[in-house]
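Here the structure comes first, spelled out in structure tokens, and everything after it is commentary.
Throughout, read-outs are computed from the coordinates displayed, never taken from laboratory work. What you are looking at is a predicted structure, and each value in this text was computed from that prediction instead of being measured. For neighbour counting, all protein chains shown are included, and Cβ atoms are generated from backbone atoms with ideal geometry for every residue, glycine included.
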Amino acid sequence: MSEIPGAFRPAALRFALPCDLKQVRHAAQTVHRFLAEQGCDEQILSACDLALVEACNNAIKYAPDNAQALPVQVEVISTPALVELRVTDHTRGFEWPARVELPDPECESGRGLYLIQSLMDSACYLRGNKENILVLRKARLSLPESGSSQGAPLDNDRLITGLLEELSSCYESLSAIFRYGTEQNKITDLSKFARRLLSDLTAIVGAEWFIFRIVQNQSWLEVLAASDPAFHGESFAFRGEGSQSTFLEAEAAVSRNVVWFDERRTLATSDPLRVKSGGRGLVHPVFVGGNFIGTLALGKNPGALPSTAPVFSASQTNVIATFAHFLAIQIVNVRFQEELVANRIIARELEIAGSIQQSLLLKELPQLPRFELAALCRSAHQVGGDFYDVLKISEESALLVIADVMGKGVLAAMFAAILRTVLRASPELMREPAALLTRVNQLLFDELSGVDMFITAQLVYVDTTARKLVVGSAGHCPLLVANGANVKSISPEGMPLGILPDTVFVSEIVELSPNCRVLLYTDGLTEALDGDGERYGQERLAAWLNEANTSTARELKDQLAEKLAQFQMKTGLNDDQTFLIMTG
């Protein structure tokens, strides 16, 4: 069959583009090569490249979830007279406006349609039931006549300049974020890192100065990084007592909104940003997960811009927000890493202190003829400052020791170990608790006072043959002795160890009746709290000791431990609890 005279077969390219933005560039390159092979000049190639990328991006970005698996169909037809591009999408579609105007520079939408309409000679959007087709045409031989309905008036300078600036800032922003992102696990100087990052930001958005303040104690702002030494002043409160609510940075922090300023804004006399008075810029509050991190202020110096020009475009403002949020994440990450390291150090210190404390506790209590001893030590935390000891002097005598080192952790455990060593190194004074306390205080005073710590201690010399006690105390809880029908409270005079270098200690002698009960304890017993906040108290402890209906020290220990556990059932331990019981 003969062909119709004058008919010709156009060159065509058809392919399916996956619904993936990463594939758009490859699709544009494919079309570019095809049109180049058809002899299209650079002007047509550039126009088709930009229009096709914009069309494909929109087709993919606005595809609903149920259409993500469907490809975007791309068709290119080239004839000697024109190039036609067809992009078939599976979005919900939209109404193509009768006239496409260039949107305001501050507006983030509408520029894509203007770009397509300006680059191509005609554009037609055909909405369908399940798919839509965008048809774009570009003449190859001649341009449309002036006043034709084909195409919108072309404002190339304004359009291309704006597009290039935005594309350039986006590329530079992504490059900087990527570059700094690779360093986030290597940050050793957060202030230096912030200065480098924000210096790049000022170059990208055309700013001339910056200052980033970081929040401290939830109500103060202090400089982390600044471009001008004039900003490196004192921190200031943005809320609470003495807050500087008139400062621009304080306003942004409290309102949680971006604060813009220009030459018309009168700044407070002491506002740190007043050094840039007459300039223009913004203060951006920075949050991560709802937590306030700080403020970023950027600006331009007086006279840098015409009075009618915006200081930062919408896209530049977005870039500023992106950089500020990225820096805030790094701050949070560095804080987390520092806290993690600190917690590991603390955990290791507690492990060491726990080992020291365990080494102080006797594996088995020495016993005395006609008397029985039992003891218990419970820590409110992983490591406490309490300890007890029984130093056997002879078959008939011993020195009972109970002490409470102020503080927790390694230092408290170390002082407890030192105290134990010093006591054991002075056997000649074990029968004289007051003299022994005097020596211990003289030996430990410099070390204890040097770290602002002290120790309360009680030493009790037991003579089972004479059935008597010699009691010495260094600011410790009273000794309780149940002799028959009443309970005596023994509290000899003496300051805690480490308070004064020349403290005077005295001893008190106590006679022991048959079936007596003796209790040495730390203040964790009397200060135990119940659910109503009431303390267990010394009176309750003395009453229990007087009414205890058992004769063995071990049974008394278990009974007292159970009594305390029931009392603080709703609160738990709020302090270390240590006690030593003797019956005889």
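Sorted by average packing, counted as other Cβ atoms within 10 angstrom per residue and highest first, what order do 395-402, 366-373 take?
395-402, 366-373
Note on Phe236, Phe94: ascending count of other Cβ atoms within 10 Å places them as Phe94, Phe236, the fewest first.
Listed cross-link partners Lys363/Lys468; Lys363/Lys570; Lys488/Lys557; Lys22/Lys192; Lys192/Lys276; Lys363/Lys563 are compared with a 30 Å cut-off, the Cα-Cα value being larger for Lys363/Lys570; Lys22/Lys192. Between Arg335 and Arg256, the simple label model (points 7 Å from Cα in the Cβ direction) yields a spacing of 1.6 nm. Protection proxy ranking of 15-21, 520-526, by the mean of other Cβ atoms within 10 Å over each peptide's residues and highest first, is 520-526, 15-21. The label-point distance for Leu443 and Asn66, in a model that sets each label 7 Å from Cα toward Cβ, rounds to 8.6 nm. Return the FRET efficiency for the residue pair Asp20, Val288: r is the Cβ-Cβ distance, R0 is 41 Å, and the value is rounded to the nearest 0.05. The computed FRET efficiency comes out at 0.85.
Ranked by the mean number of other Cβ atoms within 10 Å of their residues, highest first, the peptides 438-444, 66-72 fall in the order 438-444, 66-72.
Kindly put Arg14, Arg554 in sequence by how many other C-beta atoms sit within 10 Å of each C-beta, fewest to most.
Working: Arg14 10, Arg554 14.
Fewest-to-most Cβ neighbours within 10 Å comes out as Arg14, Arg554.
With R₀ fixed at 56 Å, the C-beta to C-beta distance from Arg92 to Arg554 puts the FRET efficiency at about 0.10. Hull volume per residue, based on the alpha-carbon atoms of segment 183-336 and their convex hull, is 111 Å³. Taking the fewest neighbouring Cβ atoms within 10 Å as the starting point, the ordered list for Tyr536, Tyr461 is Tyr536, Tyr461. Taken as Cα centroids, segment 285-301 and segment 204-265 sit 8 Å apart, rounded to the nearest whole angstrom.
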